[in-house]
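Presented below is the structure to which this report refers.
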Amino acid sequence: METLRDILDAAARGVFPPADGRTTVVPQASHRDAGVLAFTAHSVVFTDEDPQWVYDTLDAVPCDALAATMNARFLAALMERTGRTAETIDAMLVGSPLPGEPPLALTEIADAGHPRIVYARGRRDDVRAWTADGGVLVMGRGIAGRLEVSVEVDDSERHRGLGRLLVTAARHLVTEPVWAQVAPGNARSTRAFLAAGYRPVGAEALLLSARPRSAGCSGSRS
């Protein structure tokens, strides 16, 4: 049976689920990560709930079947059933590794109590973070163990291209695809990732566990 990680790895290579209007239900890769991935004319629901419940609930959503998995009624039903919460529907982007050194100087943060690291460890495993002049770059393993990146730019440094340089730097630090989740309304961040060569591959609704977050859980938000 194809796993969630199999689906993500294939999408990173440009190989997507068939555009057949169907929904695939796969088990969660960890307790922490449940939700929905929407590709072109195919959705993937990753949950440990009964797949038949998923299909029956989708059939009852009064909208185009292609949009049902991201419809507010289905997501609300899934949250109620699982006792989870959600923040937003994100665009999923992925960037391949780049050779050579990052385009700006980075200093790795050794302080595990740094606020950005503490926040990221609540959503990812194996978190590492670097500072640059005016910004922070964070990477860690999120959904199904995929490598995820997020950045933070100081207000005083905005509109100077630092965000693009930071997300480009992430591609120089890795040997595997690196993923980003960006709220569609965050046009500034979207432009930075696209300018850095990240490719949009779909949309994602991540459902967060109501249990206390810990370093042993995964997830992310850019």
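The values are calculated or read from the model by the stated rules, or taken from the named source; none is laboratory data. What you see is a predicted model; the values in this text were computed from it and never measured. Please note: Cβ atoms are built from the backbone with ideal geometry, for glycine as well, and neighbour counts cover all protein chains shown.
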Condition test on residue 40, is it touching a residue at least 12 places away in the same chain (Cβ under 8 Å), of a type in the set (Ser, Thr, Tyr) and exposed (fewer than 15 other Cβ atoms within 10 Å of the Cβ)?
yes
Sort out which residues of the stretch 149-159 are closer than 16 Å to residue 131 by Cβ and either assigned to a loop (DSSP other than H, G, I, E, B) or touching a Pro at 6+ places or on another chain (Cβ under 8 Å) (or both), and write them in order of number.
154
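Taking strands (runs of 3 or more DSSP E) that fall entirely within the stretch 35-148, which contain at least 3 residues that are not assigned by TED's automatic domain parsing to the domain that holds residue 189?
Numbers: elements: 42-46, 85-95, 125-132, 135-141.
Hits in the stretch 35-148: 42-46, 85-95.
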Could you check residue 8 against (1) in contact with a Lys or Arg (Cβ under 8 Å, 6 or more places away or on another chain); (2) farther than 24 Å from residue 194 by Cβ; (3) part of a helix (DSSP H, G or I) and say which number it fails?
(2)
From 169, 180, which residue is assigned to a strand (DSSP E or B) and in contact (Cβ under 8 Å) with a residue 40 or more places away in the chain?
180
